[in-house]
Amino acid sequence: MTERIQAPRGTFDVLPDDAAARAVVEREARRILEAAGYGRIETPSFEATELFARGVGEATDIVQKEMYSFDDGGGRSLTLRPEGTAPVCRAYVEHGMHKLPQPVRLWYLSSFFRHERAQAGRYRQFWQVGAEAIGSDDPAVDAEVILLLAELLDALTVRGLRLRLSSLGSPGVRAEYREELRAYLRQHADRLSSEARGRIDLNPLRAFDATDPATREVMAGAPLLLDRLSGDDAEHFAQVRELLDRADIAYDVDPTLVRGLDYYTRTVFEFESAALGAQSGVGGGGRYDGLVEALGGPPAPGTGWAAGVERILLAAGAPPTAPPPVDLYVAYVGDEQRAEAFALTGAARRAGLRAQLELAGRLRGRADG
Ligand code: HAM
């Protein structure tokens with residue numbers, strides 16, 4: 001027998017039953033985000049590799065080992081997009097959106113690609129719904145995007161949510177802090193896992209993510225970036241928190257929150273769901289005040305988030321599975337009626353009815369027999 005070809009590891013088919021639940025995610029995202037002034041944007045599935053190397057950061061796991069990159073045949077390296085923020089910022093610059101009233105608010109629902117170890121809730125092609133507000137450094141924009149994500153997750157009945165919130169300050173302060181943390185980690189290197197030790201130079205903050213007990217013990221005494229913020233950054237963070245308090249959004253300030261992308265400045269956040277396993281992050285984001293400029297654009301601070309569609313559905317209550325209603329069902333008896341039934345169904349659809357034609361020939365056999 002000929003060998004069966006299967007979908008690649010870490011990918012999945014969206015079958016009609018799944019599509020119904022996914023349509024609800026799209027409908028609710030459109031309803032909530034468009035009411036708040038967000039317009040839909042879709043960028044290409046692949047971009048110049050340089051966009052992610054520069055945008056997401058050379059030191060990140062995403063750029064180091066998770067990108068599907070290929071030569072376009074003309075010596076140029078392209079990459080299937082691993083995330084949406086850098087592409088949206090590229091589009092903002094390319095289309096001169098800095099000339100529009102700011103902030104420019106954009107949302108997307110697209111598929112993304114990361115060469116990760118596949119497991120429940122973690123795929124190599126997955127979908128994200130995301131929102132970006134570019135062109136304002138007002139803490140009210142940070143609070144608003146968090147509010148919108150909370151509203152979306154609530155509308156989609158995502159269970160067991162917890163919001164983690166922190167601030168990374170400005171790049172200068174972070175660079176100084178990173179040095180301080182490196183020195184601390186080197187001091188305690190003998191108690192760190194080999195993984196954490198190997199990351200001291202490239203990405204010391206990742207040690208806060210460690211699961212190894214000895215490493216966690218070391219990290220419990222580590223200096224925290226949140227204690228090193230400049231006056232302006234601390235004030236910005238205080239205002240974000242105050243606005244969230246006013247909106248009755250519960251959160252935990254968590255100075256150990258590490259996001260896997262390097263473009264963040266100031267506010268970072270993540271919604272986790274207790275209904276998920278190890279991959280508990282449902283959606284996250286933060287502020288990226290230097291990204292647009294790093295991509296060759298004008299200075300334009302931004303903030304936003306993305307949430308995984310598959311994780312939303314895994315963490316949500318029972319998805320709606322009712323099939324779409326039918327107004328008219330056309331069946332026919334005998335082949336001589338087929339053309340007429342076919343024409344009638346078409347006419348009914350043109351008149352605005354949800355009409356379905358009997359395709360399995362169930363009644364036809366009865367007339368013949
Ligand atoms: P991220 O945290 O890398 O952020 O991804 C956002 C969400 O996408 C995650 O919380 C998770 O639900 C989902 N996700 C990520 N990787 C996978 C995977 N392999 N399989 C299934 N779901 C996954 C970003 O991508 C940023 N661009 C978010 C952002 C927007 N920051 C500012 N603006």
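Please find, among ARG228, ARG241, the residue that is farther than 30 Å from PHE52 by Cα and in contact with a helix residue (DSSP H, G or I) (Cβ under 9 Å, 6 or more places away or on another chain).
Details: ARG228 fails: farther than 30 Å from PHE52 by Cα.
Of the residues listed, the single one that is farther than 30 Å from PHE52 by Cα and in contact with a helix residue (DSSP H, G or I) (Cβ under 9 Å, 6 or more places away or on another chain) is ARG241.
Across the stretch 244-272, the qualifying residues are those that are among the basic types (Lys, Arg) and within 13 Å of the ligand (Cβ to nearest atom), and the one among them that is surrounded by the fewest Cβ atoms within 10 Å (Cβ to Cβ) is ARG259. Regarding ILE146, is this residue farther than 19 Å from LEU33 by Cα, in a helix (DSSP H, G or I) and not hydroxyl-bearing (Ser, Thr, Tyr)? Considered against the rule, which asks whether it is farther than 19 Å from LEU33 by Cα, in a helix (DSSP H, G or I) and not hydroxyl-bearing (Ser, Thr, Tyr), ILE146 comes out as no. Kindly provide the set of residues from the stretch 156-210 that are touching a Leu at 6+ places or on another chain (Cβ under 8 Å), charged (D, E, K, R) and in the same structural domain as ALA21 (by TED's automatic domain parsing), ordered by number. Result: ARG164, single match. Every condition in (1) outside the structural domain of LEU152 (by TED's automatic domain parsing); (2) touching a residue at least 40 places away in the same chain (Cβ under 8 Å) holds for ALA21 except the one numbered (1). Only one entry of PRO87, PRO16, PRO101 meets the criterion of being within 23 Å of LEU148 (Cα to Cα) and without any contact (Cβ under 8 Å) to a residue 24 or more places away in the chain, and that entry is PRO101. Just so you know, in the stretch 273-293 the residues that are more than 9 Å from the ligand (Cβ to nearest atom) and of a type in the set (D, E, K, R) include one that is nearest to LEU225 (Cα to Cα), and it is ASP289.
Tell me which residues, restricted to the stretch 115-138, are part of a loop (DSSP other than H, G, I, E, B) and more than 30 Å from ASP233 (Cβ to Cβ).
Kept after step one, since they are part of a loop (DSSP other than H, G, I, E, B), are these residues of the stretch 115-138: 115-118, 120-121, 123-124, 135-138.
Selection gives HIS115, GLU116, ARG117, ALA118, ALA120, GLY121, TYR123, ARG124.
Quick check on this structure: which one of ASP233, ASP289, ASP245, ASP262 is part of a loop (DSSP other than H, G, I, E, B), among the charged types (D, E, K, R) and under 21 Å from ALA140 (Cβ atoms)? Write out each step before concluding.
Values: ASP233 fails: part of a loop (DSSP other than H, G, I, E, B); ASP245 fails: part of a loop (DSSP other than H, G, I, E, B); ASP262 fails: under 21 Å from ALA140 (Cβ atoms).
It is ASP289.
Residue-wise test of (1) among the charged types (D, E, K, R); (2) out of contact with any Phe, Trp or Tyr (no Cβ under 9 Å at 6 or more places or on another chain); (3) touching a residue at least 40 places away in the same chain (Cβ under 8 Å); (4) part of a strand (DSSP E or B).
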| site | (1), (2), (3), (4) |
| --- | --- |
| GLY297 | no, no, yes, no |
| GLU310 | yes, no, yes, no |
| LEU314 | no, yes, yes, no |
| VAL326 | no, yes, no, no |
| TYR332 | no, no, no, no |
| ARG338 | yes, no, no, no |
| PHE342 | no, no, no, no |
| ARG349 | yes, yes, no, no |
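Residues in the stretch 145-173 that are under 27 Å from GLN279 (Cβ atoms), in contact (Cβ under 8 Å) with a residue 60 or more places away in the chain and not hydrophobic (A, V, I, L, M, F, W, C): GLU151, THR157, ARG159, GLY160, ARG162, ARG164, SER166, SER167. Are any of the residues in the stretch 80-92 in a helix (DSSP H, G or I), away from the ligand (no atom under 12 Å from the Cβ), under 27 Å from VAL141 (Cα atoms) and among the aliphatic types (A, V, I, L, M)? Within the stretch 80-92 (the criterion being in a helix (DSSP H, G or I), away from the ligand (no atom under 12 Å from the Cβ), under 27 Å from VAL141 (Cα atoms) and among the aliphatic types (A, V, I, L, M)), the answer is yes, since at least one residue qualifies.
Go through the stretch 34-58 and count every residue that is in a loop (DSSP other than H, G, I, E, B) and either surrounded by 15 or more Cβ atoms within 10 Å (Cβ to Cβ) or modelled with pLDDT of 95 or more (or both).
Residues of the stretch 34-58 that are in a loop (DSSP other than H, G, I, E, B), as a first pass: 36-38, 41-45, 56-58.
Keeping just the survivors that are either surrounded by 15 or more Cβ atoms within 10 Å (Cβ to Cβ) or modelled with pLDDT of 95 or more (or both) gives 36-38, 41-45, 56-57.
Residues flagged as in a loop (DSSP other than H, G, I, E, B) and either surrounded by 15 or more Cβ atoms within 10 Å (Cβ to Cβ) or modelled with pLDDT of 95 or more (or both) within the stretch 34-58 amount to 10.
Look through the stretch 1-33, keep the residues that are of a type in the set (Asp, Glu) and in a loop (DSSP other than H, G, I, E, B), and return whichever of them is farthest from ARG105 (Cα to Cα). Please lay out each step first, then the result.
Filtering the stretch 1-33 down to residues of a type in the set (Asp, Glu) leaves 3, 13, 17-18, 26, 28.
Now drop any that are not in a loop (DSSP other than H, G, I, E, B), which leaves 3, 13.
Numbers: GLU3: 49, ASP13: 31 Å.
By that ranking, first place goes to GLU3.
The values are calculated or read from the model by the stated rules, or taken from the named source; none is laboratory data. Just so you know, these numbers come straight off a predicted model, no measurement behind them. Methodologically, a virtual Cβ is constructed for each residue, glycine included, from the backbone with ideal geometry; neighbour enumeration extends over all protein chains shown.
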